[in-house]
1. Looking at region A:40-69, which of its residues are loosely packed, with under 14 Cβ neighbours inside 10 Å, of a type in the set (Gly, Ala, Ser) and in contact with a Ser or Thr (Cβ under 8 Å, 6 or more places away or on another chain)?
2. Exactly one condition in (1) part of a strand (DSSP E or B); (2) out of contact with any Leu (no Cβ under 6 Å at 6 or more places or on another chain); (3) within 11 Å of chain B (Cβ to nearest Cβ); (4) under 21 Å from B:Leu46 (Cβ atoms) is not met by A:Val37; state its number.
3. Working only within region A:70-101, note down all residues that are open to solvent by less than 10 Å² (accessible area, probe 1.4 Å), facing chain B (nearest Cβ under 10 Å) and hydroxyl-bearing (Ser, Thr, Tyr).
4. Only one of these conditions is not met by B:Gln6: (1) at pLDDT 95 or above; (2) more than 13 Å from chain A (Cβ to nearest Cβ). Which number is it?
5. So which residues in region B:9-21 are in contact with a Leu (Cβ under 9 Å, 6 or more places away or on another chain) and within 14 Å of chain A (Cβ to nearest Cβ), if there are any at all?
6. Is there a residue being free of Cβ contacts under 8 Å to residues at least 60 places away in the same chain, more than 15 Å from the chain's Cα centre (by Cα) and under 23 Å from B:Glu101 (Cα atoms) anywhere in region A:32-50?
7. Looking only at region B:27-51, how many residues end up being more than 12 Å from chain A (Cβ to nearest Cβ) and open to solvent by 70 Å² or more (accessible area, probe 1.4 Å)?
8. Could you please let me know if B:Glu22 is surrounded by 13 or more Cβ atoms within 10 Å (Cβ to Cβ) and among the acidic types (Asp, Glu)?
Amino acid sequence: GNSVTQMEGPVTLSEEAFLTINCTYTATGYPSLFWYVQYPGEGLQLLLKATKADDKGSNKGFEATYRKETTSFHLEKGSVQVSDSAVYFCALSDRGGDYKLSFGAGTTVTVRA
Amino acid sequence: GAVVSQHPSWVICKSGTSVKIECRSLDFQATTMFWYRQFPKQSLMLMATSNEGSKATYEQGVEKDKFLINHASLTLSTLTVTSAHPEDSSFYICSAPPGGETQYFGPGTRLLVL
């Protein structure tokens with residue numbers, strides 16, 4: 001079956017620090033990979049995605065590269081801001097036609113001024 | 001981007017009553033929608049897949065008679081929590097794919113059963 005393993009938090013950083021959240025996956029097929037972000041009290045928002053090996057998704061200064069050889073999709077940002085404080089979820093879609101998403105456990109990130 | 005709305009955003013009800021939550025795709029049609037449940041500080045648990053014009057598909061362990069899903073149109077799916085009890089208190093989130101595999105999520109509905 002499909003599964004996503006995500007670095008556990010919580011993660012606390014100072015503003016302008018470098019952020020990395022590790023994500024690895026197990027999939028029976030050739031999945032698409034996603035990072036979603038959830039701000040306090042809100043639903044999930046798509047942050048970025050990648051659909052094939054070596055693709056790099058990017059948005060709002062965040063980046064993640066689809067690494068098939070290491071089955072990973074680590075999220076990075078070079079200089080975080082207080083507004084980046086949120087819960088980040090790694091997810092995969094196995095393209096089986098039903099578009100079901102498998103989520104990681106989520107990583108809570110707090111950025112201090 | 002595609003917009004998915006949910007109503008209500010929060011609801012408080014008495015134990016034993018039923019609560020209906022709506023999920024709407026505002027600027028696209030969705031033959032499929034998904035319902036998730038999220039406990040505090042935990043990940044999302046897929047409850048069921050809502051299919052327009054046919055029965056919903058429930059994940060293992062989810063009671064279909066407890067969580068009634070109706071997908072009456074291409075822009076609306078409803079989740080009814082029947083005879084709600086305190087253990088049903090949770091954050092319920094829906095999502096829909098406008099086309100392809102990227103899903104867009106509603107803002108969530110917080111349910112508190114007293």
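The values are calculated or read from the model by the stated rules, or taken from the named source; none is laboratory data. Predicted, not measured: the structure shown is a model, and the values here were computed from it. Note that each Cβ is placed from the backbone with ideal geometry, even for glycine, and that neighbours are counted across all protein chains shown. Keep in mind that these areas ignore ligands, DNA and RNA; they rest on the heavy atoms of the full protein, side chains included. Shrake-Rupley method; radii C 1.70, N 1.55, O 1.52, S 1.80 Å.
1. A:Gly61
2. Of (1) part of a strand (DSSP E or B); (2) out of contact with any Leu (no Cβ under 6 Å at 6 or more places or on another chain); (3) within 11 Å of chain B (Cβ to nearest Cβ); (4) under 21 Å from B:Leu46 (Cβ atoms), only one is false for A:Val37: (2).
3. Residue satisfying the conditions is A:Ser93 alone.
4. Status for B:Gln6: all satisfied but (2).
5. B:Trp10, B:Ile21
6. Yes, there is a match, as at least one residue in region A:32-50 is free of Cβ contacts under 8 Å to residues at least 60 places away in the same chain, more than 15 Å from the chain's Cα centre (by Cα) and under 23 Å from B:Glu101 (Cα atoms).
7. Residues meeting the conditions: 2.
8. So B:Glu22 passes the test.
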